[in-house]
Amino acid sequence: MPNTTGLANECLGGTMDINSVSNSNIESETERVEAGKKMPAEQSLSHSVPSYFEGGQYDVIVIGTGHAGCEAAAAIARLGASVILFGMNLDTMANLPCNPNIGGTAKGQLVREIDALGGIMGVLADEATIQFRMLNSSKGPAVQSPRAQIDRRRYQALVKAYLEKIPNLHIRQEEVTELIVEPSKKVVEGVRTRLNVVYRASKVIVATGTYLDARIIIGETDFPSGPDNQFPALDLGKNLRSHGIRMQRFKTGTPVRINLNSVNTEILEEQPGDPLPGTFSFLNEDDPAYQSKPMIPCWLSWTNPTTHSILENNLSRSPLYSGDIEGIGPRYCPSVEDKIVRFPNRERHQIFIEPTGEDTSEMYVQGLSSSMPVDVQTEVLHSVKGLENAVIQRMGYAIEYDCFFPTDLSLTLEHHDIKGLYGAGQINGTSGYEEAAAQGLIAGVNAVRSLRGEAPFILDRSQAYIGVLIDDLVTKGTSEPYRMMTARAEYRLVLRQDNADERLTEIGYELGLVDPVRYHRFKEKINAQQAELKRVRGVRIRPTESVGAFLIDHGTTPLKGSVTLAELIKRPQLDYEVLAPFDPERPELSEIIRRNVNIQIKYEGYIEMEADRVRQFKKMERKRIPKDFDYQTIPGLRLEAIQKLAAIKPESVGQASRISGVSPADIAVLLVGLEAFNRRSRPTDSLDIEEQISNE
Amino acid sequence: MFDAYAAISTPPGQSGLAVIRVAGPDAHTIGDRVFRFGTMNIGNVNEINSGTVDRAIRSVQNLAGYQAAFGYVVDPDTEEPIDEAVLLCFRAPHSFTGEDTVEISVHGGGQVRRRTLAACLQAGARSAEPGEFTKNAFLNGKLDLAQAEAVMELIEADTSRSAAVALHQLQGGLSKAVRSILDVLYSIMSELELTIEYPEYEDSELDFPSIKRRVDQAKSELEILRSGYRQGRILRHGMTVALVGPPNAGKSSLLNRLSGEERSIVTDVPGTTRDTIELDIELDGIPVRLIDTAGLRESMDPIERLGVKRTKDTIKQADLIVGMVAPETETIDDTRLWLEALPQDKPFIWVANKSDRKEFADYFQQLKADLLPHLHFSDAQMICHDILGETYPPLVISTRKAGSLNLLKKYIVALYDAWGSPSEEGVILTSERHYDALVKASNQLEFIAEDIDGLPLDIFAQSLKSVAEQLALIIGDKVTDAVIDEVFSRFCVGK
């Protein structure tokens, strides 16, 4: 009976409550089934049909086909494990229900990192790009971020087709309604769906986005709904709570969509993309095919005093202010009514009108996110220059949903209380497609590694934005939907979008996520880059007359003696490219490599300083705290610190030091306590914690 | 940035020797930055000892574990010698904490040990946390398990004590002052982050001249705060008073009289006090450290010249100078010479000693007639006199007569009161760790202000963040959260 495979393996008949589906309760289940009379009332209608079907055994179950779920499933299958991916509607896989773009500040870095680890978001976004910009291209490499407008229907189709080709990856349209947990040990055993099928796996990743108990609010109207008028998941949330999982309620919103044919673009400012579009994926770097694709522009407009008056006069009808919305919304994503209230003195707010695809005229109106009633939203829209006659295709709305407290998760994204349960994406309190995809990747990899008894895969804050994201979430928690920002990264100078592959592809290869073809290409690029760096540091430039004239011409001082080419590149007025005339030996190299060489030479000193800080940081990260360590046993540790540490369950002393309410003095006491603990466990030697780890 | 921490390891108070300990991976590098091998270089005296050592090849890095070296401590920036010293080198794991360590033994004077510690901090070490040596000794397996709990108690005790101090400071002006500088930095940082995070918004254009102005503002506020460290030092360690004057003017007698005990050898042979002698006394409950100097008389005797050099150092470190003259000790012209050479920015009390002698009356007349009209004391020098508004200098005393020193004591106490109680804007900084953080922040900000025009935005933002993080240590602020909050409360951005 346990571990049956194949669909619709009929059970013995009769009905049972969810716990009885658990493998470990099979015997009592049989008894109950025979007794027959203990049938719960709500299931009495199904007395003539089997209580459930066996849907089969998988290594991992993923709930949700959004960006987290798709990325998780792809990673799991790539590692050779079997996975079933559940979606309520397969036509909305990898949907972009809000902004029609991928990337942007900090988020672009995340996509580059996902790509460097062999993920799918970057490479597929490149295929669906209809406009590309490298943001902050003039502000220094550490804050540059790629962003692409995406043809959303095409992106969805691409993701679906891509996943369908992966062996071991099963996609299934079915609503998961229950999580099956072995009650005594609190271990995940599988899920049960609306169609009464039980699927078994010891790892389940919940990637349900904004669907749990979701409610859409537009003015005085509200109704249960997922994003984009999809069905909400009303049962799963209740079921998760019944397992003792804490939930919080967040809110987010989206603006109206309009028909471009009704927009007066002649009086609007056009915002084109970069003339030479770049790509997210390393695999598409320097591929001229991507640079010659036709691009679709965005349009700029502004709110005005009329817009503001309309909103002010109707504030009482906003659910935000009438108290109808209880969820906490993100500060970085304010609705237009919120902007008017919080910044009453501003004369105008910027509006971006963005294309959503090549085959549609539907435009996303960034800046008019609103939960106002239909008539107010319409009036507001028509008050904006160029949008006087705009035809609305979809209303803006606010959406409320349930999500986890991310502090209940570990750095692998596994739930502290229920073994085998992972969260990824908006369920963990984040916002954004990129944040979701990044978590999906990490949860997927860790589910498989845990299944195989391998060490967890954790990126730290000095390795990747992904590391910053997850460490922030599980260590500090979040009181609003969490958005990645470059300001959140301490080591921004080393976590650049241009070196994502250098930071992570080797790691991805070792994990088994990066295929040999990509790895080989990566090695070629890195070797060429290293060779060029070495060469540039060796080439000497003599103080000739022409060099002197050139330097003065570029606003810098002539040479006194000969210097290396690298030293000249470091001068603020110069760079790798302009010095080409004095570097006859220069090899033919791709633009990306030339750019990277330039950055690495120019920023050498700063990068070295940051590397120093990273070394300091790593020391504390390497001091591990044993699982389920009893903080009560440390004399002198303050009660508040004990409570916080016991709740968050940090994995290293470094992580512990980032918990709010844990002071540097607590950390000093903790270090001593840990060492005492280690010596008690092994009384004969006196190795320090660090050595002990390397010995393990 | 170096990875090493330092502290004075011998207990405070009068002692013959003091040990400054520096531990951590870069301890030997710090050692090389503050320690010079061989005899101290004092003007011509150097020639006497020239050619004895080749200093270039001597380095702490090259010392073996447990090897000692004779030499002297210098200010790492100016190379100015501080004191003769013996440096003992330890190599990991064979040291108290199990890390690379140097222990520098210097003469026990409070001034010398503090300056030696200051030199180590200047060289890049940070000041040790409470209980840090012991804690690391334990973590590195140098103490046994039985000592573990004692160590924790030590940390707790030290922490609660410094917490009490910190609380005291936070209620006072320090937190307000640091907060105000941080607010300036946060405002700049939030603008930088806005243009980074939301490059396509009209708000995100940077007002660079205004940013430069505010960087300068933060820089000067930081400097003011930093100078407040003197007040805190006085509160903690008491006031340092240097006794200066020609040999035989009675400086040692004054010191003895004030302390009520025979400390230094008082004879009638000029120049007897060959070294600076320190004494901690209490005047009306105020801790006062008196330092008797060798006088400022130029001499051909190398040993005495060493004394003169020390006197000059003492004057530099002192909070107050008591200059003493007496009949038949030197010519009026000589007196004028050293009086005029005293630092203009340091409080000064001028006393004329030996009023019980019969030649005093004539001498005093002569001072008033021939010397006073030519002397120009600054306001800073005359602060004691200003506070009390009493007799114009010099004060007339006799170290042989009881009661004759009352006015002098009153002057010293008045100065302490004036400094020790914070004014409205005045901020008292007592913690060396706070001072450490302020110095680092202030130095970094100075670099930023210098390079501001050439810094790329990402580097500029990162450098400001590291300044803010130093300051945030003092008041326990979280920089990242503060800046992000500021971005969203000040600017209207987002979809």
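Every read-out reported here was derived from the displayed coordinates using simple, explicitly stated rules and does not represent laboratory data. Note that the structure is a prediction, hence the values are computed from the model and not measured. Note: ideal-geometry Cβ built from the backbone for every residue, glycine included; neighbour counts use all protein chains shown.
Just a few scattered comments:
- Distance (nanometres) between label positions extended 7 Å along Cα→Cβ at A:Glu454 and A:Ser138: 4.6 nm
- The range A:456-493-the range A:133-160 distance, computed between alpha-carbon centres (Å): 20 Å
- Dimensionless Rg/Rh of the range A:548-611 - Kirkwood Rh, Rg from C-alpha atoms: 0.98
- Other protein chain C-beta atoms within 10 Å of residue C-beta, averaged over A:138-147: 5.
- Full-extension gain in nm, B:Glu79 to B:Lys401, via 0.36 nm per residue minus C-alpha separation: 111.5 nm
- R0 of 35 Å, Cβ-Cβ distance A:Lys165-A:His416: FRET efficiency to nearest 0.05: 0.45
- Out of every Cα-Cα pair that chain A contains, those further apart than 38 angstrom amount to 44 percent.
- The lysines within cross-link reach of A:Lys570, meaning a Cα-to-Cα straight distance under 17 Å and a gap of 8 or more places when in the same chain, are A:Lys139, A:Lys534, A:Lys560, A:Lys602.
- Residues A:Glu270, A:Glu434, A:Glu610, ranked from the fewest to the most other C-beta atoms within 10 Å, line up as A:Glu270, A:Glu610, A:Glu434.
- Per-residue Cβ neighbour rank within 10 angstrom, fewest leading, B:Arg336, A:Arg246, A:Arg112, B:Arg33: A:Arg246, B:Arg336, B:Arg33, A:Arg112
- Sparse-neighbourhood loop sites, GluC sites (Glu not before Pro) in the range A:182-266 - DSSP loop, at most 16 other Cβ within 10 angstrom: A:Glu220
- Neighbour counts of C-beta atoms inside 10 Å place A:Asp151, A:Asp274 in the sequence A:Asp274, A:Asp151, starting with the fewest.
- Per-residue mean of C-beta atoms belonging to partner chains within 10 Å, peptide A:635-643: 2
- Pairs exceeding a 18 Å alpha-carbon distance, out of A:Lys107/A:Lys619; B:Lys176/B:Lys478; A:Lys419/A:Lys627: A:Lys107/A:Lys619.
- Counting only residues at least eight positions apart within a chain, or on another chain, the lysines with an alpha carbon under 19 Å from that of B:Lys401 are B:Lys251, B:Lys354, B:Lys358, B:Lys409, B:Lys410.
- Distance between the pseudo-spin-label points of A:Val578 and A:Thr221 (7 Å out from Cα toward the beta carbon): 6.0 nm.
- Label-point separation in nm, A:Glu270 to A:Asp228, each point 7 Å along Cα→Cβ: 2.9 nm
- FRET efficiency estimate (nearest 0.05) - Cβ-Cβ, A:Glu640 to B:Phe447, R0 35 angstrom: 0.35
- Taking the Cα centre of the range A:357-422 as origin and assigning +1 to Lys and Arg Cβ atoms and -1 to Asp and Glu Cβ atoms, the resulting dipole is close to 120 debye.
- Measuring r between the beta carbons of A:Asn261 and A:Val517 and using R0 = 41 Å, the FRET efficiency lands at 0.40.
- For the range A:303-381, applying the loop criterion from DSSP together with a ceiling of 16 other beta carbons within 10 Å to the GluC sites (Glu not before Pro) yields A:Glu326, A:Glu347, A:Glu358.
- Within the range A:568-591: backbone nitrogen closer than 13 Å to the A:Arg542 label point (7 Å, Cα to C-beta): none
- Shielding by partners - mean other protein chain Cβ count within 10 Å, residues of A:668-678: 6
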